[in-house]
Every structure is written in structure tokens, then in C-alpha cells.
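Here is the structure we will look at, set down as C-alpha cells.
Read-outs: derived from the displayed coordinates by stated rules, not from any lab. Small disclaimer: the values here were computed from a predicted structure and weren't measured. Counting neighbours? That spans all protein chains shown, and the Cβs are built from the backbone with ideal geometry, glycine included.
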Amino acid sequence: MVKSGTGVMFNWEEYFNLAKELSGDSSKRANNDSKLRSSVSRSYFAVFCIVRNHLRDKGKILAPDSRFPNYYPHWFVIEKLVKNSDKSKRRIGHNLKRLRNNRNLTDYEDKLKSNLQSLTLLSIALAEKILTELTEI
């Protein structure tokens, strides 16, 4: 596989190799692309849960109970932030949406149109920006 290039077909078995490696199985080593893709994905989920819990705990935005039909917590939180009258919350919402889009690319697309290394660094930077801005609301 070409080094984290643009338009390279991803071998999805590498995610399984990464799962094994993370579980302590030393018989398989995951390739760099699977690690970078996972980094983008985990960045999104970590930040999403931190934002969701912060908003819940501050009583500013309460997501509906997950037992409700058509419950989409990710879009609910993002849309509540994006449509908020507070500029800081809107900015967090837009950045969280961008981070989710990056996560969707790395979790579902066989080939990426952008450089995976750059996308990973951008996602980490976005996550850090969101976490910094979150302390201001």
C-alpha cells in the first residue's frame, strides 16, 4: 500500500489487525493507514462525547433520551450548536460537524481524495480547537 496517499484503496482488514493489536495480540501489526484513520475517528468520538456531556451537565442543551424513535444524538447536538444564537456555540457546532465529516470519510470511504496524514493532523487540530472553545461557553 502506498504511504497514506490520495486515492489509495484502503484494505479494511487492517482495521481488524488494529483491533487485534490494540487488544494485545502481537501476532498482527496494523498498518499506518489504519492507525491514522482510527485516529480521526477516535478524535471525533472523544470530542463529541465531551461536548455532549459538557452541554448536558451545564444544562444548556439536553439531548433526548436514546430510547426515543429517530434519536440521532450526533446530529441533534451538532444542529443545536449550529443553530444557536451564541457565536461561540455556533463555531463549536460547525467545527464538530467538520470533524464528523472527516470521521465519516475515514470510517466509510475506500479511497480518500485528500492526503490521510494531512486529514489526520487537521482533525486533531480541530478537536483541540473545539475543546479549547468549549471552556469558554
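By counting other Cβ atoms within 10 Å of each Cβ, how are E21, E109, E14 ranked from fewest to most? Working shown, then result.
Numbers: E21 16, E109 11, E14 20.
The fewest-first ordering by Cβ neighbours comes to E109, E21, E14.
Sorting R37, R42 on the 10 Å Cβ count, fewest up front, what's the list?
R42, R37
By how many degrees, 0 to 90 and rounded to 10, does the Cα axis of helix 13-22 deviate from the longest principal axis of the chain?
80
Defining a contact as two alpha carbons under 8 Å apart and six or more residues distant in sequence, what relative contact order in percent does segment 69-125 show?
22
The list (i) 47, 30, 26; (ii) 47, 38, 30; (iii) 104, 46, 22 gives values of Cα extents along the principal axes in Å, and only one came from this structure; which label was calculated from it?
Evaluating Cα extents along the principal axes in Å on these atoms matches (i).
Quick check: the angle from helix 73-82's long axis to the longest principal axis of the chain, C-alpha only, nearest 10 degrees?
Between helix and principal axis, roughly 60 degrees.
For the chain, with only Lys/Arg (+1) and Asp/Glu (-1) charged at the beta-carbon, what is the dipole magnitude about the Cα centre, in debye rounded to 20?
Approximately 480 debye in magnitude.
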